[in-house]
Structure formats: C-alpha cells, structure tokens
Amino acid sequence: MSALKIGIVGLPNVGKSTLFNALTNKSVPAENYPFCTIDPSVGIVPVPDERLERLSDLSRSQKTIPAVVEFVDIAGLVKGASEGEGLGNKFLSHIREVDAIIEVVRIFEDPNVIHVHEKVDPLFDIEIINLELEKAGIKKPTLYVLNMSEAAPKVRPWELDSKVRPLIEVDPVFGTGLDKLITESYKLLDLITFFTTGEKESRAWTTKRGSTAPEAGKAIHSDFQTKFIRVQVVSYSDLTNSGSIAKAREKGWLRTEGKEYVVQDGDVVEFLI
C-alpha cells in the first residue's frame, strides 16, 4: 500500500507546525499568529524499526529502505470552520484526503504565545476541533498529541478519559516523544510491517493486519497479487537466530506458503510468480 497519510490538525498556535518541523526537519512557517499555514506542507518520515537495520547488516545490503509515514501540516481550525469560518472549508478539504488525524492539543502556558481563545483549556480545545470535524462529516482514526514544553508550566486540570485516547505527550522543541509518535501513528490504522532482504536492498513494507500473501504482495508490485504463485516466508526472529537464509532453510524455518497465508508482522518474504 502507499504511504500512510496523517494530517496534523488543531487550533491556531498550538504547535502543529513546530511538531511538523521536528518530525520532518522540513522548513515550514511556524510564526506566532493564526493562519500562518495556508497550504498544507507534506513531509515523508521513516518509521523507526531496529529489525530493518539488523536485516540489512545480516544481508550486507547495499540499500536500507524503511516504511514511511506521510505527515501533512494543515492550518489551524477555529470554531465555525465547518461553516466557513477562518479558512475552514479549504482546511477541511485537506483533512478529508488523509487516512488518519493527529490532533495537537496545547497543555503549556506561555504568555508570549497567543492562544486563539486567550486561555489554555485542553478539553475545550478538543471539543471544538471534534465538533467541527463531526459537523463536516469527518470520522477517521485520531491520535491525540499533548504538546508540552520543558520550558513552560503544563496545564493538567482534567482527568483524561476514553474520548481522548490514544494519546502521546511530545515536546517538539526538545524532540521528546517523536519516535513514539511516529510508530503510534503507523499503528493507528492497524498496520504491520513485513520485510524483503538481500544483497541489493533490505526494505520494510506496509500492509493491513490480516492481509493474505497476495494482498500484502501488492505493496511491492501489482504482479505479486495478480500473478501470485507462492511465497517463501521466515520470521524475523528465526532468520536472525539462524544467521542467514541458507541456515534458516537447513533448520526448516523457511517455509513455502500459498495464497491463503496471512502475513504476520516481522515476516521476511520472497514472492514467486
């Protein structure tokens, strides 16, 4: 499948563009005023996975290619956005194009950073954003990101409940929690990673949990679905424990599976057509 596309949304000045910059190291405006981001910026971010590096070392691969997440920085929503307030209609159209949403919620106090409602109230902010998304008929999976700051007091006047989970705390300025945010974003749509490996390259691929071998093969090339014959499979742990594909085959850990086989997270595969 193509890269998972995650839209970063929230009220103005809650730290969306700062988070985007930290995730992608891509320069986008992050000035202290509403609507500084008008057109969405896009950044491609690798999914951290130690298994891929280990496979690449094992195969002495020339290239190492990770799975990726596509982050889209979408300008700040405001109350009434679903009815055209602010730049609402344009923003909401961008949100409809993503697979899932990261909703950034500010929990730090800073008199030098203007809050659009002149107060830091995380639950109130969440209610506004969710209401506007609901009015616009947008119902994709959501990961709540609590934007903290090591340099400013944090506001925690509430008990988090089921309506604001799952959630991740990050400090985009200091980089705290970014790797966890990337991996949790990847998991949000119940995706798994499988691998191909060899001297030319080791690569991580994305598929939905529960995908059969032909369905997973489509991520690599459409022929692996339409012309599927069989697939050779060894689990990541078995391959690394054996030390090579040849030794895994000797031990009987390298299996040949048919079109009904359901690919598991961590499978190392070779498709045969």
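The values are calculated or read from the model by the stated rules, or taken from the named source; none is laboratory data. Please read all numbers here as calculations on a predicted model, not as lab measurements. No Cβ is skipped: glycine too gets one built from the backbone with ideal geometry, and neighbour counts run over all protein chains shown. In case anyone asks, the SASA skips ligands and DNA or RNA and just uses the protein heavy atoms, side chains included. Shrake-Rupley method; radii C 1.70, N 1.55, O 1.52, S 1.80 Å.
With a requirement of 3 or more residues that are open to solvent by less than 10 Å² (accessible area, probe 1.4 Å) and at pLDDT 85 or above, the strands (runs of 3 or more DSSP E) lying completely within the range 124-196 that satisfy it span 142-147, 191-196.
Looking at the range 109-123, which of its residues are in contact (Cβ under 8 Å) with a residue 60 or more places away in the chain and surrounded by fewer than 17 Cβ atoms within 10 Å (Cβ to Cβ)? Those that are in contact (Cβ under 8 Å) with a residue 60 or more places away in the chain and surrounded by fewer than 17 Cβ atoms within 10 Å (Cβ to Cβ): Asn112, Val113, Ile114, His117. Taking the condition of being modelled with pLDDT of 75 or more, more than 16 Å from Ser17 (Cβ to Cβ) and assigned to a helix (DSSP H, G or I), how many residues in the range 62-114 meet it? Going through the range 62-114 one residue at a time, the tally reaches 0. Considered as a group, the residues in the range 198-241 that are part of a loop (DSSP other than H, G, I, E, B) and within 20 Å of Asp49 (Cα to Cα) include one that is nearest to the chain's Cα centre (by Cα), and that residue is Arg209.
Among the residues of the range 242-258, the ones that are part of a helix (DSSP H, G or I), in contact with a strand residue (DSSP E or B) (Cβ under 9 Å, 6 or more places away or on another chain), open to solvent by 50 Å² or more (accessible area, probe 1.4 Å) and not charged (D, E, K, R) come to 1 in all.
Remark: Tyr261 falls outside the filter, which requires a residue to be open to solvent by 10 Å² or more (accessible area, probe 1.4 Å) and under 23 Å from the mean Cα position of the chain (by Cα). Within the range 10-27, residues that are crowded, with 24+ Cβ neighbours inside 10 Å have Cβ atoms under 8 Å from residues that are polar (S, T, N, Q) and at pLDDT 85 or above in these pairs: Val14/Asn147; Gly15/Asn147; Leu19/Asn147, counting only partners at least 6 apart in sequence or on another chain.
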